[in-house]
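Take a look at the structure set out below.
Throughout, read-outs are computed from the coordinates displayed, never taken from laboratory work. Note that the structure is a prediction, hence the values are computed from the model and not measured. Here Cβ is always computed from backbone atoms with ideal geometry, including for glycine, and neighbour counts include all displayed protein chains.
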Amino acid sequence: MPTLILIGGADDWTPATICQQMGRRRHGRSARAEIVVYPGAYHEFDRANAPIRLRTGLVNTVDPSGRAHGGTNPAARK
């Protein structure tokens, strides 16, 4: 199944590096995946009119703090 992953380069909740590593491992196999990373964009970059804010109490963030940013990045959303 072809897969397109759009992710923010500044995402500190679901880091782009994890998706990129997954894509490299799948390279040359039957899975067709394309990953597009938007520099400077956080999680929820494509959500309309969402100011960037710090969320707390999250699971699976980049560090064990449980904190990550999310919000619209107009350039990436476009």
* Mind sorting out which of (1) 13.5, 39; (2) 27.5, 74; (3) 11.2, 33 is the real Rg and Dmax of the Cα atoms in Å computed from the coordinates? => (1)
* To do: Show the residues, 5+ positions off or on another chain, whose built amide H is closer than 5 Å to the amide H of Ile52.
  => Thr72
* Nearest-ten-degree value, helix 16-26 long axis tilted from longest Cα axis of the chain -> 10
* Amide H partners (placed H, <5 Å) of Leu6, local residues excluded -> Val36
* Asked: In the neighborhood of Leu6, defined by Cβ-to-Cβ distances under 13 Å, what is the net charge if each Lys or Arg adds +1 and each Asp or Glu adds -1?
  -> -1
* Asked: If packing is taken as the mean number of other Cβ atoms within 10 Å per residue, what is the order of 37-45, 68-76, highest first?
  -> 37-45, 68-76
* **Computed magnitude of the charge dipole of the chain (debye, nearest 20; Cβ of K, R +1, Cβ of D, E -1)** => 220
* So what's the back-of-envelope 222 nm ellipticity for the chain, counting only DSSP H runs of four-plus at -39500 (n - 2.57) apiece and dividing by all residues, rounded to 500? -> -5000 deg cm²/dmol
